[in-house]
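Encoded as structure tokens, the structure appears first; notes follow it.
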Amino acid sequence: MHPLAETLLNEPVIAAVKTDEALTAALASPCSAVFLLASTLLTVDGLVHRIHDAGKLAVVHIDLVDGLSSREIAVDSLNALCHPDGIISTRPTLIRRARHRGLLTVQRAFILDSLSLTSLPGQLEQGKPDFVEILPGIMPRVIARSAPVHRCLSLQAACCGTKPMSWPPCAQVPPQFPPLRPPCGISEPEQDPS
């Protein structure tokens, strides 16, 4: 595991920012890591330096840096340009390259159907990320079921009012986590009380 992974594990909330206003708020907050979800080749260096100057970890979503390609050389370019502490990507090849360059890695996985769930193990095996961020706010039972199999840590995004959480591999769903519920706006069927 990456040496900085412990910092993320100890965070109840990780700031994820897309705007300058959100970054300013994140830098004033007690969180120790910032996920940078929007930038360009012209702005990423200054944004990462602002995060570092505030004493926080800067994790850049490399897929969302406007002007970078999706090839492995993009990791080397980003690292040379602004020295982030880690990257986020949906691409296993970029995750693998970043890991080999000593960066903390967060692989984003969109689990939208059974095909995306069944392809996830191969993607994780290829990239071997430090963390997996499963979107959109996938059900805790699925995360708990897949975490032991893939031996990586899961970060859960907030959805439908639930709070983001992280827990180590092989962990059970925390008892304080709310029971499964349908996606936002869909009403649950009535349960027979008997």
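The values are calculated or read from the model by the stated rules, or taken from the named source; none is laboratory data. Owing to the predicted nature of the structure, the values given are computational and were not obtained by experimental measurement. So basically every Cβ, Gly included, is an ideal-geometry build from the backbone, and we count neighbours across all protein chains shown. Surface accessibility is based on the protein's heavy atoms, side chains included, excluding ligands, DNA and RNA. Shrake-Rupley method; radii C 1.70, N 1.55, O 1.52, S 1.80 Å.
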Review point. Between L135 and residues 5 or more places away or on another chain, which pairs have amide H atoms under 5 Å apart, with H built 1.01 Å from N, and which residues are they?
Key: A109, F110, I111
Practice item. For the stretch 1-127, give the percent of accessible area contributed by carbon and sulfur heavy atoms, probe 1.4 Å, rounded to a whole number. Key: 57 percent
**Study point:** Accessible solvent surface per residue of the stretch 20-90, calculated while the other protein chains remain in place, 1.4 angstrom probe, Å²
**Key:** 43 Å²
Exercise for review: Between L112 and T40, take the C-beta separation as r, use R0 = 30 Å, and let me know the FRET efficiency to the nearest 0.05.
Suggested key: 0.60
Review point. Just by accessible area at a 1.4 angstrom probe, what is the order of T19, T40 from largest to smallest?
Key: T19, T40
Check your understanding: Hey, rough spin-label estimate for A80 and A54, points 7 angstrom out along Cα→Cβ, what's it come to in nanometres?
Key -> 2.9 nm
Exercise for review: Find how much the distance from A22 to D66 grows on full extension, using 0.36 nm per residue of separation minus their present alpha carbon separation; answer in nm with one decimal.
Suggested key: 14.0 nm
Point to revise | Solvent-accessible ranking of R71, R91, R97, largest area first, probe 1.4 Å | key: R71, R91, R97
Study note, to complete from the structure: Relative contact order as a percentage, the stretch 24-117, C-alpha pairs under 8 Å and 6+ apart, gives 23 percent
**Study point:** Computed E for S119/L9 - FRET, C-beta separation, R0 22 angstrom, nearest 0.05
**Key:** 0.25
Review point. How much solvent-accessible surface does H52 expose, in Å² to the nearest 10, with a 1.4 Å probe and all protein chains in place?
Key: 60 Å²
Practice item. Answer with one residue from I51, L78, T24: the one whose Cα lies farthest towards the positive end of the charge dipole of the stretch 1-114, charges on Cβ with Lys, Arg +1 and Asp, Glu -1. Key: L78
